[in-house]
Amino acid sequence: MKKAVLTILLLLLIIAKYIYSQPKIDIREPNEKFLGSTISIEKGQIYSGHLLLINQGYPVQDSGIMKDIIHLSDNTFLVQGYSLLQPDIRLSEHVANEFSKMIKAAAKDGIDDFMINSGYRTFEEQEQLYLEMGTEYAMPAGFSEHNAGLSLDIGSSKMKMENAREGKWLEKNAWKYGFILRYPKKKAAITGIQYEPWHFRYVGLPHSAVIHQKDLVLEQYLKYIKKKKTIMVHLNGEEYEVSYYHLADQASIDVEVGNTYEVSGDNMSGVIVTSWEL
Ligand SMILES: [Zn+2]
């Protein structure tokens, strides 16, 4: 009898833990305004930030290259739990930190054969790759997300990513850490890029959560925010206000932001302001 009660308690504990670990996203129209201050956003901000759309139509501008690019092998505390294909792999330090958190979480699930095959590439390196690999396999200089330092190609040291447990885990969980599978199988017509199970892009939270939950790609997400103008995202007990501002005709605009906020351009004609409370 005691055993049965204990088993039930244990089961309830497991279920509760599972529910708690599943972030809830509740997207709705704005119904409250965040109290904060007014900031001025300059037109140049269209071209920098974590949400830049980088594709065949929208190349990375100089200001879109992340300012915190580091050599991963120089930062051994960051490169723990995964390997590097080459010693000269670089990435935004912020992105590398978030990647590190993700790898630690995967290891807890017993998934631990990750390898980074490619990170940040200069325009010159991209041009070289494009000349060597051709249009089928590489983008010209400036048109690759790797040129901004926001993307990385993740592999498994055991097998092809398509079949690896590492790939499956990332497809399911990467959004919790701000990453998205940038070129999903079913979205090739929208992204213009064939399925790449290894290419992950950092966009940050709560954006990766909305993209995952609504089954969007970055092209669709930016369109969605632009159309809605503002959405509220409820995630892990945190409330985020995500707003789009069109800047094409003005040199700058005044925007009301929350106490804690982030501004990112869309690399097209506007900026996305994300506010939340600490
Ligand atoms: Zn890639």
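The values are calculated or read from the model by the stated rules, or taken from the named source; none is laboratory data. In this text the structure is predicted, and so the values were computed from the model without any measurement. Quick reminder, even Gly has a Cβ in these numbers, built from the backbone with ideal geometry, and neighbours come from all protein chains shown.
The rows are residues; the columns are (1) crowded, with 18+ Cβ neighbours inside 10 Å; (2) closer than 20 Å to SER144 by Cβ; (3) in the same structural domain as ILE65 (by TED's automatic domain parsing).
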| site | (1), (2), (3) |
| --- | --- |
| TYR82 | yes, no, yes |
| GLN86 | no, yes, yes |
| HIS94 | yes, yes, yes |
| MET102 | yes, no, yes |
| ASP113 | no, no, yes |
| ARG121 | yes, yes, yes |
| GLN126 | yes, yes, yes |
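Condition first: free of Cβ contacts under 8 Å to residues at least 24 places away in the same chain and over 25 Å from HIS50 (Cα atoms). Can you find one or more residues in segment 140-157 that meet it?
No - not one qualifying residue is present in segment 140-157.
Could you tell me which of the residues GLY167, GLY178 is in contact (Cβ under 8 Å) with a residue 12 or more places away in the chain and closer than 18 Å to HIS94 by Cβ? Break it down stepwise before answering.
Working: GLY167 fails: closer than 18 Å to HIS94 by Cβ.
Criteria check complete, one pass: GLY178.
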